[in-house]
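Working notes, structure below.
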Amino acid sequence: MSAVFAAVVARDLRLAWRRRIDALLPLVFFVVAGSLFPLGVGPEVALLARIASGVIWVCALFAAMLSMTGVYAGDHADGTLEQMLLSPEPGWMLAAAKALAHWLVTGLPLVLVVPLMGLLFGLPRDAIAMLALTLLLGTPILSLLGGLGAALTLGLRSGGVLLILLVLPLAIPALIFGTGAVGALEGGQSASGHLSLMGALLIVTALGAPPATAAALRIALD
Amino acid sequence: MSTPLPSAPTRTTRPPLRWSTFAAPVRFHALTGRLIPWLWLLTLGFAAAGLYIGFFVAPTDAVQKDAYRIIFIHVPAAWMSMLLYLAMAFWAVIGWAFNARMASMLARAIAPTGAMFTVLALWTGALWGRPTWGTYWVWDARLTSELILLFLYLGFLALVHAIEDVRRADRAGALLAAVGAINVPIIYFSVKWWNTLHQGATISLTAAPKMAQTMLTAMLLMTLACWAYAFAVVFMRARAIAVERERGADWVRELQQAGGRR
Amino acid sequence: MNWGSASAFWEMGGYGLYVWGSYGVALGLMLIEPALAALRYRAARRAAADLDDDPETDA
């Protein structure tokens, strides 16, 4: 069973590697979009440091969602998706594998770029570390929720934007706990409450999203 | 073999009502057609009673003066927006689980009304906030959750309209509505959490005046009025959807012949 | 009775704009919504009638 899981992940990673430039686009978007905010609100250091965690989190959200349509679209177009669902492996495993692959290609790199973004916003070092940690917990949540959105909007013309609109409200708790953790740190309090909630959210999403995604794929393909 | 044939239902021997009886669009259409006028009557009756008590009997509030009277439409609208979302999710899932078309149609009929009440709750909340707190919008937990609920409604409507295959749209909508319904408590909790974090900006619109009995009565009556209204409008829309979808069916043809073009 | 006169009622202690702005929009929405639903129903019935009026061939 785990062999199939690993095979799906490996395949997606190989496909992403073949189109490396495309895989980097969400990262570039992340930095460009984040950079717009200082241009928009002014370079005042104190203000930027205050809005940093929120802005960076939201930009990460958008960047993760932008690459989400591609997760199932390619396999859907050439019929591979239907084949995968016909296999004896449970659908949720396919969904989980796809989410993991998306996170490895898009989510994890975003986390690695966070220090750069923190620098642009003048965040102190410990805040940057906390922000990176919350995104490390949060980006898998986004990949899982995004997979559900991608499955629901499979093959639709308005797919990309519709996917983002569907997923954003569901991602709000993660956003709140993630930015709250950084805020707690900056306020001198413990961030453990926020991080625990984030962890719980990740577990609940990891358990709930793959079966829901599998159901959505079946709805889309039947 | 001679087994007696079951006798066809006559006027005196109609088939017994089962809970699934009104799952058939034709019977739903017939029943709701008869109910709607009564529902409008109930709406007007409850609204008249509620507004009378709210404006002429309930006393002026000491702190908020007469601005608080917005509560008699704001709170019922907010309650309806949440109730209707659950109803929408419920019927959508029933339609999916039992392959019951009418349940899915009912869910689709509920969505616009639910969204309307959400917009109304937000609008009245803003107009209540302006005189009491000085700004048209405050990010208090309830209003913020109401805004997110509007996004969930809009997401449902957008999804079902984007999918051309009707039954696929019904099922996808059901899954989305169910996921949304499960997430509502999580979202509400996180928004309350967020609201208490940012102490400086915490203004609660929920600091409603201490409720005199008459105020509660008026609010209850207005809630019943909104409920009856919702039933009436949702039934009207559901009937329209049923006729749209079942255009070629026999029962629609018979409708046309019986009633002529309407 | 809370109101000394009709004008006092409309003014709502100075908050008339907010109170009537709320109830006015509520009334407006609750008139437009059923009207739209009724129009939709009528259009559906008309479309169904048109379907029957077209010369049909037995399938």
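None of the figures in this text is laboratory data; all of them are computed from the coordinates on show. These numbers come from a predicted model, not from an experiment. A quick note on method: Cβ atoms are made from the backbone with ideal geometry, for glycine too, and the neighbour counts reach across all protein chains shown.
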Reported set for segment B:54-88 where residues are touching a Phe, Trp or Tyr at 6+ places or on another chain (Cβ under 9 Å), more than 28 Å from B:LEU152 (Cβ to Cβ) and assigned to a helix (DSSP H, G or I) is B:GLY54, B:PHE55, B:PHE56, B:ASP66, B:ALA67, B:TYR68, B:ARG69
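Which members of segment B:233-262 meet the condition of being more than 7 Å from every other protein chain (Cβ to nearest Cβ) and surrounded by 18 or more Cβ atoms within 10 Å (Cβ to Cβ)?
At the first step, the residues of segment B:233-262 found to be more than 7 Å from every other protein chain (Cβ to nearest Cβ) are B:234-235, B:238, B:241-242, B:245-246, B:249-251, B:254-255, B:257-260.
Of everything in segment B:233-262, those that are more than 7 Å from every other protein chain (Cβ to nearest Cβ) and surrounded by 18 or more Cβ atoms within 10 Å (Cβ to Cβ) turn out to be B:VAL234, B:PHE235, B:ALA238, B:ILE241, B:ALA242, B:ARG245, B:GLU246, B:LEU255.
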For segment A:205-222, pairs from a residue that is polar (S, T, N, Q) to a residue that is buried (at least 22 other Cβ atoms within 10 Å of the Cβ), with Cβ under 6 Å and 6 or more apart or across chains, are A:THR205/A:ILE141; A:THR205/A:LEU144; A:THR213/A:ALA95; A:THR213/A:GLY147; A:THR213/A:LEU148; A:THR213/A:ALA151
Result of the Cβ filter at 8 Å on segment B:176-190, keeping first residues that are at the interface with another protein chain (Cβ under 10 Å from one of its Cβ atoms) and partners that are part of a helix (DSSP H, G or I) and among the aromatic types (Phe, Trp, Tyr), at least 6 apart or interchain, is B:LEU176/B:PHE156; B:GLY180/B:TYR85; B:GLY180/B:PHE156; B:VAL184/B:TYR85; B:SER190/A:PHE177
Reported set for segment B:26-78 where residues are in contact with a Ser or Thr (Cβ under 9 Å, 6 or more places away or on another chain), free of Cβ contacts under 8 Å to residues at least 12 places away in the same chain and within 9 Å of chain C (Cβ to nearest Cβ) is B:ASP66
### Message
Based on this model, can you work out whether A:GLY122 counts as out of contact with any helix residue (DSSP H, G or I) (no Cβ under 9 Å at 6 or more places or on another chain) and on the phi > 0 side of the Ramachandran plot?
### Response
no
When restricted to A:LEU148, A:LEU137, A:LEU142, A:LEU170, the only residue more than 12 Å from chain B (Cβ to nearest Cβ), surrounded by 24 or more Cβ atoms within 10 Å (Cβ to Cβ) and either in a helix (DSSP H, G or I) or of a type in the set (A, V, I, L, M) (or both) is A:LEU142
Given the conditions (1) closer than 20 Å to A:LEU61 by Cβ; (2) out of contact with any Phe, Trp or Tyr (no Cβ under 8 Å at 6 or more places or on another chain), every one holds for A:GLY178 apart from (2)
